[in-house]
1. If I model a spin label as a point 7 Å beyond the Cα along the Cα-Cβ vector, how far apart are those points for residue 165 and residue 45 in nm?
2. Excluding same-chain residues fewer than 8 positions from residue 251, which lysines have a Cα within less than 18 Å of its Cα?
3. Quick one: ranking 17, 113 by accessible area, 1.4 Å probe, largest first, what do you get?
4. In a Gaussian network model over the chain where Cα atoms closer than 10 Å are linked, find which of 236, 271, 107 has the largest mean-square fluctuation.
5. Might you tell me the accessible area per residue for segment 60-144, computed with a 1.4 Å probe and given in Å²?
6. By how many nm would the segment from residue 238 to residue 123 lengthen if fully extended, with 0.36 nm per residue of separation less the alpha-carbon distance?
7. Would you work out what percent of the accessible area of segment 130-282, with all protein chains in place, is carbon or sulfur (probe 1.4 Å)?
8. Quick check for you: with a 1.4 Å probe and neighbouring chains kept, what is the accessible area per residue of segment 222-357, in Å²?
Amino acid sequence: MTASWADSIVIVGAGIIGLDVALVLCKRGLGQCITVVAEYLPGDTSPSYTSPWAGCNFSCISGSDANALRWDKLGYAHLTSLASHNPTESFVSWTQSVEYWDAHAPRDKIESISGYLKDFKTIPQQELPPGVEYGMSCTSVTVNAPKHLTYLYNLLKDHYGVRFLRQKLPSIQAAYVSPQTQIVFNCTGNAARTLAGVQDAKCFPTRGQVVLARAPMMRRNVMRHGRDYETYIIPRPQSNGNVILGGFMQKGNNDPSTYGHETDSIVRRTRDLCPQELRDGPCEMLAVFAGARPSREGGARVERESISVGGSERVLVHNYGAGGTGFQAGYGMALDAVACVDDALRELEQQVSRAKL
């Protein structure tokens, strides 16, 4: 394929959302038509690059609206396929999981996921910790976030021929990098609030602080959703027994600093939640991180629109605002984002096919 096709599709952003869009497009045979333009790429550790700081697991932390339920189901199918068929390379592993709610358990969400989560069961009341109203267990998945991003980056670049360009764009219009650029996917996360041409006032950061610890006895996900707190313990696959301890959900806060009193709170809460593994067993604190989840009022935006660039109308697809659910919902969001421009993609596929003749 000639180099002129490389800018036909531009994806802005190389977090999990942008990489999942690229993967869905590549599975249609369009890898060499794609350029990913991003300020940060897998391997970077800037606080502004949210994805590497994620826990991350598949849980009930996402919304209960129809889109969120569908995205979760599609994301679960994608991640569990990786866990079954390619766990070592993808850094995705099957993991036994437990979730507790002190109050207001999301019944619609639980009813939906109970239909497909492996080994799902409701925990009997007499087995719940004090103060917990409802609990469930299942076999879910955990993802080593930074390693999984690197896996996707290498797969897209080396196997599918996707081009990556490190650049901070001044506007979404600047993503139409050449006259050949037909479709742009806006996967800019928190930047969607301020990026010229987007400036979505519904976007806001949700700060989290987490502790990276080595706790080799901790081999399950455990989450407790409190009335005013979130506590979670998430093992990192293929990390020599490392786990993520969390956390906080601070709406509107994008402070990248870490704080000792928050670390103390996380350690206390997680040890109370799993005393056998974290208090009685070995638990070495390794590092503390803070990051801002890219949240959005009303949920994620996956939407097509027409945009004027240089006097001509071009196709723009928005795909951002997943909050803390990008890894579990991202593949489902990508399927929707790609589906909404199926007509333009079929036309591009035909153009590429004719050019090969």
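1. Here the answer is 2.9 nm between the modelled labels.
2. Leaving aside lysines fewer than 8 places away in the same chain, those within reach of residue 251 are 202.
3. Output order, biggest surface exposure first: 17, 113.
4. Fluctuation is largest for 107.
5. For segment 60-144, the solvent-accessible area averages 46 Å² per residue.
6. Working it through step by step, the gained length comes to 38.5 nm.
7. 48 percent
8. I get 46 Å² per residue for segment 222-357.
The values are calculated or read from the model by the stated rules, or taken from the named source; none is laboratory data. Predicted, not measured: the structure shown is a model, and the values here were computed from it. When we count neighbours, we look across all protein chains shown, and the Cβ atoms used for this are built from the backbone with ideal geometry, even at glycine. To get the accessible areas, we keep the full protein, side chains included, count just its heavy atoms, and leave off ligands, DNA and RNA. Shrake-Rupley method; radii C 1.70, N 1.55, O 1.52, S 1.80 Å.
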